[in-house]
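Here the structure comes first, spelled out in C-alpha cells, and everything after it is commentary.
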Amino acid sequence: MLAHTNEDVKRLNEALRSVMVGEGTLGENRAFRTERGAREFAAGDRIIFLENARFVEPRAMRLGPQHVKNGMLGTVVSTGDKRGDAVLSVRLDSGRDVVISESSYRNVDHGYAATIHKSQGATVERTFVLATGMMDHFAACWLVSRLPEFRELHPEIDVTIDSDPRLVEFRSGRAEIAIRHSASVTAWPRTESEHLADVSMIAVAASALLEAGPAIKRPDDILRHTLLHEENRDVWSRWFEAAGMAMPETARGPVYADGGLVMQAVLRGQGIALMDEIFAEDEIKAGRLLRLFDLAIPLGAYWLVARRFDRLTPPASLFVRWIRSRIEVS
C-alpha cells in the first residue's frame, strides 16, 4: 500500500499489521531498534529496507557480504538467534535471504505500507496500481487479509495499493483501477464504473464488552454504552430512527476520521460502533465482535472504476475478476 507522507505510512502500517495480528498469522513479537525507533517484528511480518548498504553480519557469516537496496521488500522468517538476541532473518521478494541485527543494519520498518517516493526506488515485475481514494479502511479491514489468495493464484503479479485520499482520475498513467465509495454517485467523469458491493451499516460490539455489561436486549439498551462514530453522528441517528426511536442529544461519543480507527476502538471494547458489514465480517466470524440486532442501515455502495475496463492490462484484468468473485463470496 502506498501513502504520501511518512505519518500516513506509520498509521497504515499499524492498521494493516493489526489485522494480521488479529488473524493470528504472525509469530511472537520481538523488539528491534531501528533508525526510526523501536519496532516489534514477528515471523510473517512484511519488512522494507530503507537505505542502500553492504554489510557483514557476524551471526550469518555463511552469507558473506550482504547487500540491500532502498525500497527492497521481504518477509520476516525468524526474529532471534540461539542466544535469544534480536536477529532478523528475511526472505526478500526476489527469493534471496538476508540476515540483519541491530549492529549490522537498522534502517528497516514494517513493509505493509510505504511512501510513493520510497516505492519508486524498488524494482518489481508486472506491477499495476490499485488506487483506493478515501478507502484506507477498506484496504486495511478487508482487502489486505485476502491479498495472499490473489498472490497464490498469480505469484508473478505484484499489487500496489495507493491510498491517495484525492479523487484519482487515471491521468498519470500509474493507476489503472479505483475502488470508490459513494452514498449516491454511480458514475464519474471520463471513467467507467461497475457496482462492487452495497454498504450496510450494522451495530457491533466486542464480546468482552458485552460480557462485562450492561446487557443489551433492546435497541435503547445501547444508550447505556459509549457510541463510536465515523466522521459524524448522522448514521447512528438514522439507525435509531429505523429502530423506532430518536437518538438523544446525550448519546455522544468519540468521532473517528475513518472506519479503520473505529474498528480498533470497538475491538478494544471502547464502545459500540456502526460498521460496514463487509468490514466486520471476519471479526464476527472469529467471535471478536458480535452483531447487535438484525437492523442494517444502507449507506451507498462500493464501485470499481477504471478509465476503460476493456483496455486494462492483463494483470489488472485478472485482479478485477478476482475481487469481483471474492466480494460475491463475502
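The values are calculated or read from the model by the stated rules, or taken from the named source; none is laboratory data. Source: prediction; values computed, not measured. Cβ coordinates were reconstructed from backbone atoms using ideal geometry, including for glycine residues, and neighbour counts include every protein chain displayed.
Taking the stated definitions as given, is A251 touching a helix residue (DSSP H, G or I) at 6+ places or on another chain (Cβ under 9 Å), loosely packed, with under 15 Cβ neighbours inside 10 Å and assigned to a loop (DSSP other than H, G, I, E, B)? So A251 fails the test. Could you please let me know if T115 is in contact with a Ser or Thr (Cβ under 6 Å, 6 or more places away or on another chain), modelled with pLDDT under 90 and not hydrophobic (A, V, I, L, M, F, W, C)? For T115, the condition - in contact with a Ser or Thr (Cβ under 6 Å, 6 or more places away or on another chain), modelled with pLDDT under 90 and not hydrophobic (A, V, I, L, M, F, W, C) - is not met.
Quick grid of which residues meet (1) within 29 Å of G24 (Cα to Cα); (2) touching a helix residue (DSSP H, G or I) at 6+ places or on another chain (Cβ under 7 Å); (3) without any contact (Cβ under 8 Å) to a residue 12 or more places away in the chain:
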| residue | (1), (2), (3) |
| --- | --- |
| R238 | no, no, no |
| E241 | no, no, yes |
| A246 | no, yes, yes |
| Y256 | yes, yes, no |
| G260 | yes, yes, no |
| E277 | yes, no, no |
| E281 | yes, no, no |
| I284 | yes, no, no |
| F293 | yes, yes, no |
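Only one entry of V199, V204, V235, V185 meets the criterion of being of a type in the set (V, I, T), under 30 Å from V320 (Cβ atoms) and touching a Pro at 6+ places or on another chain (Cβ under 8 Å), and that entry is V199.
One residue stands out in the range 200-234 among those that are under 23 Å from the mean Cα position of the chain (by Cα) and closer than 13 Å to L295 by Cβ: the one that is surrounded by the fewest Cβ atoms within 10 Å (Cβ to Cβ), namely S200. Confirm whether E328 is surrounded by fewer than 17 Cβ atoms within 10 Å (Cβ to Cβ), acidic (D, E) and not in a strand (DSSP E or B). Judged against the criteria, E328 is a match. Going by the structure shown, is L299 touching an Asp or Glu at 6+ places or on another chain (Cβ under 9 Å), outside any helix (DSSP H, G or I) and either of a type in the set (V, I, T) or assigned by TED's automatic domain parsing to the domain that holds V204 (or both)? Spelling it out, L299 is indeed touching an Asp or Glu at 6+ places or on another chain (Cβ under 9 Å), outside any helix (DSSP H, G or I) and either of a type in the set (V, I, T) or assigned by TED's automatic domain parsing to the domain that holds V204 (or both).
Look at (1) out of contact with any strand residue (DSSP E or B) (no Cβ under 6 Å at 6 or more places or on another chain); (2) more than 23 Å from L147 (Cα to Cα); (3) not hydrophobic (A, V, I, L, M, F, W, C) and you find that E230 fails only one, number (1). Of the residues making up the range 181-192, not a single one is at pLDDT 85 or above, surrounded by 20 or more Cβ atoms within 10 Å (Cβ to Cβ) and either farther than 23 Å from T313 by Cα or in the same structural domain as A306 (by TED's automatic domain parsing) (or both).
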